[in-house]
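Report on the following structure.
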Amino acid sequence: MNILSAFYRSSVGKKIIVAITGIILILFVIGHLLGNLQIFIGPDWVNGYSQHLHDLGPLLWLIRLFLLATVIIHIYLTIQLAIENRRARPEPYMDKRYVKATFASRHMVMSGLIVLAFIAYHLAHFTFRKTDPRFALLKPDPLGHYDVYSMMVYGFQNYFVSGFYVLGLFLLALHLSHGSSSFFQSLGLNDKKMTPRLAVGARVFAWLLFVGYTSIPVAILLGLIKPSQQL
Ligand code: HEM
């Protein structure tokens, strides 16, 4: 027990927990993107996928609670680490040229908190469907599933909604582009040759996620995807 609490209290221990919770969240973000991209294959796919998720019943709630706990631990510990860092060096650096620190690394807490606001809006929008009264008027699709496909199309046809998503996704990508390279350092992988390569890999990965996610509102605004039912 003592070893566990010492691990938690040490900043290396915290960094490892941040890395593990971060990787769980990244796996979710990849899985969620693959699920959402089915909108390009057709309504049956994305509606069927959503139905499968809802059919999980209590297990879905367990997964949701697990994800929520993961996000809370990730945020709580990163903020604590940021405070500890500031305490360790109360005076700001004289030379602000930030030789090594990138924009993304200097704004991890800010981008993380805006992403959190984005997720809160996103859940109200698509999971609890409280922001758009039209979503309640959607009829089930021919297979009897809730028409998530048309819900996404009607949702993203609004420029402000799509704009806010693109902003949230941009900050998520910024956050991940730094976060995933710190992940390797937290796990002790700090090599002269490998570290810069892993950092580039992390950046490419984060921006691929950005392109994948934003392709959905962009395709809808361009009129490439139309609702499968009229309201
Ligand atoms: C264009 C981007 C996105 C689209 C089109 C999208 C779409 C959706 C849809 C349709 C749902 C509801 C699923 C259902 O109830 O059947 C959902 C739920 C959710 N989304 Fe997204 N999403 C996007 C981006 C994101 C991002 C970037 C995150 C996280 C950083 C995220 C996190 C979640 C979470 C946590 C849920 C709740 C899952 C549940 O418990 O049902 N989404 N999303």
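Residues are listed down the side, and each one gets a yes or a no for (1) within 16 Å of the ligand (Cβ to nearest atom); (2) among the small types (Gly, Ala, Ser); (3) more than 30 Å from GLN157 (Cα to Cα); (4) surrounded by 15 or more Cβ atoms within 10 Å (Cβ to Cβ):
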| residue | (1), (2), (3), (4) |
| --- | --- |
| SER177 | yes, yes, no, yes |
| PHE184 | no, no, yes, yes |
| THR195 | no, no, yes, no |
| ARG203 | no, no, no, yes |
| LEU209 | yes, no, no, yes |
| GLN230 | no, no, no, no |
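Could you look through region 1-49, keep only residues that are touching a helix residue (DSSP H, G or I) at 6+ places or on another chain (Cβ under 8 Å) and of a type in the set (Gly, Ala, Ser), and pick out the one that is farthest from LEU209 (Cα to Cα)?
Among those that are touching a helix residue (DSSP H, G or I) at 6+ places or on another chain (Cβ under 8 Å) and of a type in the set (Gly, Ala, Ser), it is ALA6.
State all residues of region 129-146 that are assigned to a loop (DSSP other than H, G, I, E, B) and closer than 14 Å to SER50 by Cβ; if no residue qualifies, say none.
Those that are assigned to a loop (DSSP other than H, G, I, E, B) and closer than 14 Å to SER50 by Cβ: ARG129, LEU138, PRO140, ASP141, LEU143, GLY144, HIS145, TYR146.
Search region 102-112 for residues being loosely packed, with under 14 Cβ neighbours inside 10 Å and either under 21 Å from SER50 (Cα atoms) or not aromatic (Phe, Trp, Tyr) (or both), and hand back the single one that is farthest from the ligand (Cβ to nearest atom).
Restricting attention to region 102-112, the residues satisfying the condition of being loosely packed, with under 14 Cβ neighbours inside 10 Å are 103, 106, 110.
The next check asks that each one be either under 21 Å from SER50 (Cα atoms) or not aromatic (Phe, Trp, Tyr) (or both); those that pass are 106, 110.
On the way: ARG106: 21, MET110: 16 Å.
My answer is ARG106.
Looking only at region 159-199, which residues are farther than 26 Å from HIS122 by Cα and either among the hydroxyl-bearing types (Ser, Thr, Tyr) or modelled with pLDDT of 90 or more (or both)?
SER181, SER182, SER186, THR195, listed by residue number.
Kindly list the number of the only condition in (1) within 12 Å of the ligand (Cβ to nearest atom); (2) in contact with a His (Cβ under 6 Å, 6 or more places away or on another chain) that fails for PHE164.
Only one criterion is unmet by PHE164, namely (2).
Conditions (1) touching a residue at least 12 places away in the same chain (Cβ under 8 Å); (2) among the basic types (Lys, Arg); (3) within 18 Å of ILE30 (Cβ to Cβ), marked per residue:
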| position | (1), (2), (3) |
| --- | --- |
| VAL166 | yes, no, no |
| ALA173 | yes, no, yes |
| SER181 | yes, no, yes |
| PHE184 | yes, no, yes |
| ASP191 | no, no, no |
| MET194 | no, no, no |
| ARG197 | no, yes, no |
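Taking LEU143 as meeting all but one of (1) surrounded by fewer than 17 Cβ atoms within 10 Å (Cβ to Cβ); (2) touching a residue at least 24 places away in the same chain (Cβ under 8 Å); (3) within 11 Å of the ligand (Cβ to nearest atom); (4) under 22 Å from LEU231 (Cβ atoms), write down the number of the exception.
(3)
Could you say whether any residue in region 148-163 is of a type outside the set (Val, Ile, Thr) and closer than 24 Å to ILE20 by Cβ?
Within region 148-163 (the criterion being of a type outside the set (Val, Ile, Thr) and closer than 24 Å to ILE20 by Cβ), the answer is no, since none of the residues qualifies.
If you go through region 32-74 one residue at a time, how many are over 18 Å from ALA120 (Cα atoms), assigned to a helix (DSSP H, G or I) and more than 10 Å from the ligand (Cβ to nearest atom)?
11
Please verify whether PHE156 is of a type in the set (Phe, Trp, Tyr), in contact with a Leu (Cβ under 7 Å, 6 or more places away or on another chain) and farther than 20 Å from ILE30 by Cα, treating the condition exactly as stated.
yes
Residues to consider are GLY31, GLY57, GLY13; find the one that is of a type in the set (Gly, Ala, Ser) and surrounded by 13 or more Cβ atoms within 10 Å (Cβ to Cβ).
Every option except GLY13 fails the conditions.
The values are calculated or read from the model by the stated rules, or taken from the named source; none is laboratory data. Quick caveat, the model's predicted, so the values are computed rather than measured. For neighbour counting, all protein chains shown are included, and Cβ atoms are generated from backbone atoms with ideal geometry for every residue, glycine included.
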